[in-house]
Amino acid sequence: MTKKLKIIVLAKQVPDTRNVGKDAMKADGTVNRAVLPAIFNPEDLNALEMALRVKDKNPNAEITVLTMGPGRAAEIIREGLYRGADRGFLLTDRKFAGSDTLATSYAISCAVKKLGEFDLIFGGRQAIDGDTAQVGPQAAEKLGIPQITYAEETLEVTNNSITVKRRLERGTETVKATFPVLITVTGSAADCRARNAKFVMKYKHARTISELADAAEDYIALKTKRPYLQIDELSVADVQADDTFLGLSGSPTKVKAIENVVFIAKDAKVLSNANEEIEELMKELIANHTIG
Amino acid sequence: MKNILVYCEFEDGLIGDVSLELLSKGRKLANQLNCRLEAAIIGANLKGVEKQVFPYGTDVIYMAEDARLEHFLNLPHSAILQHIIRENNPQIVLFGATSVGRDIAPRVASALRCGLTADCTSLEIGDHYEKKSDTTYKDLLYQIRPAFGGNIVATIINPEMHPQMATVREGVMKKEIVDANFKGKIVKVETEKILNDTDFVVKIIERHLEKSKVNIKNSGIIIAGGYGVGSKENFNLLFELAALLGGEVGGSRAAVDAGYIEHERQIGQTGVTVRPKLYIACGISGAIQHTAGMNESAMIISINNDPHAPINQIADYVINGEIADVVPKMIKFYKKNSK
């Protein structure tokens, strides 16, 4: 293949909702984000790996990581660079606050258009903080390109097409699409490779402009020598997005109410694991025809 | 009159179970809102399919039949569904939260610029008062779902940008036939006028779909394991107990993520919803995402080494102990006493 493939990976920094402790909720019922570690959304890592595998076979492919979030989400771009991505952009602006999936997909589609021509977009099927699986298909629609969801493996990439195996509830389906196409990747796809020591050395000082503002002067000198250490930030103005489609005003869904989960406790019978107690329980279940 | 539309999945001559469940819920909502229940069916060889759908009280079926639509493909199915929605302007559109529903719903919601709530565990009708604008919105769809790792339950509304769209997992709503002889109206959708060649740029090369081997949803006894089971080997104990009692084995999301058990057996908001007569929860702490999928079980036994596991609060019996210790005892004493 002679053509330079252009690949975008959509990745999100999420609070690790899988390991929520007792202090995850504040007394007022809101989420205490401060105590939850921020991680690379797991299925976005699968998506990054799928992109890297395309690049393995097409070394002149270029992978751009695009993430949307607050300043600290620059960490996602560094993680991408450490694993083999070529560059990254942080889409960040206060005007994004309160965006639901529709507003988010609009913002992402504006940023993708700003980045120019592309062949493939990979993203995780869903993020663990919402589990909606909506942003990928919504962004594809806004970009006017087809989507392939639930992708598990890339079978073939040619100059102008990709063949992908999808993982469905009851089996698999192989589909072929011509570029450009947006692909969402499931957690059953290959795990992402580890950081590459060479790339870690190269990019460990990569910073966004906001991060650099707080950096020492010798740091700025370093960046001038090595321009690849600058992670570009994109604002609403940079991607020419329309404010009314962003944030709360651009979000059709509203949260009407949030309730803490309160179980209405039943009066449970508590048993130990002593032989007699378990035998008694099994006898009771047999007697009342629950089992047997 | 603004109606309720259910997107019906259709494959191999059958309407998907989840779609029939949504029609059942849709019928109740339509009665409450005093509007019609409508269904959209898109596929090939649809002859006679209405017989599967009318008994759920479906007033109107929009039927889009085209040989090219035999298997689900995002672009043509989305184009047709958008057309049906634009023409008929429903107030609510419901989808199964399946690989098909979760593929088409966001695409259509984006094109129509309306809200979409994923994986609802409950749908209700209610009003909403917006303080800022001093406006009362009547009869909105309350889309209720656990959120944020199951630590909260959120009620989501779409006050302005309709239709209000939601996806619901299979098994969450109950399938209920209203009248076996119920007859509604069929409206044919002209696919030729809607579809373009460009809608077929993604091509299906191959399909390997099997009938589901696991039937957790309809099992009367479920032995479910969580992360606390600790290993794939310990899960074998659960399979042994299930085989003995004539039940099925299920798992929490944490157990599936840990690779202890396959995804097909996942119970909870992002898995299957079950209502067995006996549910034995082994090493499951009981996040609401899990309990949302099993709290209607007739009897719940929780086996856990943490006496304060949240699931114990909804259990009928709590056994404090290790899975590797308690489950073999249950097997032993069942064998001893069952004859």
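So the values come out like this:
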item	result
Within the stretch B:226-339, strands (runs of 3 or more DSSP E) holding 2 or more residues that are over 26 Å from A:Glu276 (Cα atoms) and outside the structural domain of B:Ala147 (by TED's automatic domain parsing)	B:248-251
Test: B:Ala224 is under 21 Å from the mean Cα position of the chain (by Cα) and modelled with pLDDT of 90 or more	yes
Residues being of a type outside the set (Val, Ile, Thr) and assigned to a helix (DSSP H, G or I) - total across the stretch B:65-102	17
Scope the stretch B:159-181; condition in a loop (DSSP other than H, G, I, E, B), more than 10 Å from every other protein chain (Cβ to nearest Cβ) and closer than 21 Å to B:Gln289 by Cβ; matching residues	B:Arg169, B:Gly171, B:Val172, B:Met173, B:Lys174
Checklist (1) surrounded by 20 or more Cβ atoms within 10 Å (Cβ to Cβ); (2) more than 14 Å from B:Gly250 (Cα to Cα); (3) of a type in the set (Gly, Ala, Ser) applied to B:Ala281, failing item	(2)
Members of the stretch B:213-259 found to be touching a helix residue (DSSP H, G or I) at 6+ places or on another chain (Cβ under 7 Å) and hydroxyl-bearing (Ser, Thr, Tyr), listed by number	B:Tyr227, B:Ser252
Among (1) facing another protein chain (nearest Cβ under 8 Å); (2) of a type outside the set (Asp, Glu); (3) over 25 Å from B:Arg145 (Cα atoms); (4) not in a strand (DSSP E or B), the one test that A:Lys202 misses	(1)
Test: residue in the stretch A:130-139 that is in contact (Cβ under 8 Å) with a residue 40 or more places away in the chain and part of a strand (DSSP E or B)	no
Qualifying residues in the stretch B:114-137 (those that are more than 11 Å from B:Met165 (Cβ to Cβ) and part of a loop (DSSP other than H, G, I, E, B)) - the one least open to solvent (accessible area, probe 1.4 Å)	B:Thr121
Residue ID - farthest from the chain's Cα centre (by Cα), chosen from residues in the stretch B:103-113 that are crowded, with 24+ Cβ neighbours inside 10 Å and not acidic (Asp, Glu)	B:Ser110
Residue pairs meeting the criteria (Cβ under 7 Å; at least 6 apart or on separate chains; first at positive phi and in contact (Cβ under 8 Å) with a residue 12 or more places away in the chain, in the stretch B:256-278; second open to solvent by 30 Å² or more (accessible area, probe 1.4 Å) and among the charged types (D, E, K, R))	B:Gly268/B:Arg253
Selection from the stretch B:323-339 of residues that are among the charged types (D, E, K, R) and at the interface with another protein chain (Cβ under 7 Å from one of its Cβ atoms)	B:Asp325, B:Lys329
Filter pass, A:Glu152 being closer than 23 Å to B:Arg102 by Cα and more than 8 Å from every other protein chain (Cβ to nearest Cβ)	yes
Per-region count, the stretch B:204-252, residues without any contact (Cβ under 8 Å) to a residue 24 or more places away in the chain and open to solvent by less than 70 Å² (accessible area, probe 1.4 Å)	1
Candidates B:Ala298, B:Ala315, B:Ala287, B:Ala292, filtered to the one that is open to solvent by 10 Å² or more (accessible area, probe 1.4 Å), in contact with a strand residue (DSSP E or B) (Cβ under 6 Å, 6 or more places away or on another chain), within 10 Å of another protein chain (Cβ to nearest Cβ) and not polar (S, T, N, Q)	B:Ala292
Selection from the stretch A:48-87 of residues that are under 18 Å from A:Asp16 (Cα atoms), of a type in the set (A, V, I, L, M, F, W, C) and part of a helix (DSSP H, G or I)	A:Ala73, A:Ala74, A:Ile76, A:Ile77
A:Ala51 being among the hydrophobic types (A, V, I, L, M, F, W, C) and at pLDDT below 95	no
Residues of the stretch A:105-130 satisfying the condition of being at the interface with chain B (Cβ under 8 Å from one of its Cβ atoms) and crowded, with 24+ Cβ neighbours inside 10 Å	A:Ser105
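A quick yes/no check of all residues on (1) under 23 Å from B:Leu22 (Cα atoms); (2) crowded, with 22+ Cβ neighbours inside 10 Å; (3) away from chain A (no Cβ under 13 Å):
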site	(1), (2), (3)
B:Gln143	yes, yes, no
B:Ile157	yes, yes, no
B:Lys183	yes, no, yes
B:Val187	yes, no, yes
B:Val202	no, no, no
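The values are calculated or read from the model by the stated rules, or taken from the named source; none is laboratory data. Since this is a predicted model, take the numbers as computed values, not measurements. Positions of Cβ are generated from backbone atoms using ideal geometry, with glycine treated the same way; all protein chains shown enter the neighbour counts. SASA here: full protein model, heavy atoms, side chains in, ligands and nucleic acids out. Shrake-Rupley method; radii C 1.70, N 1.55, O 1.52, S 1.80 Å.
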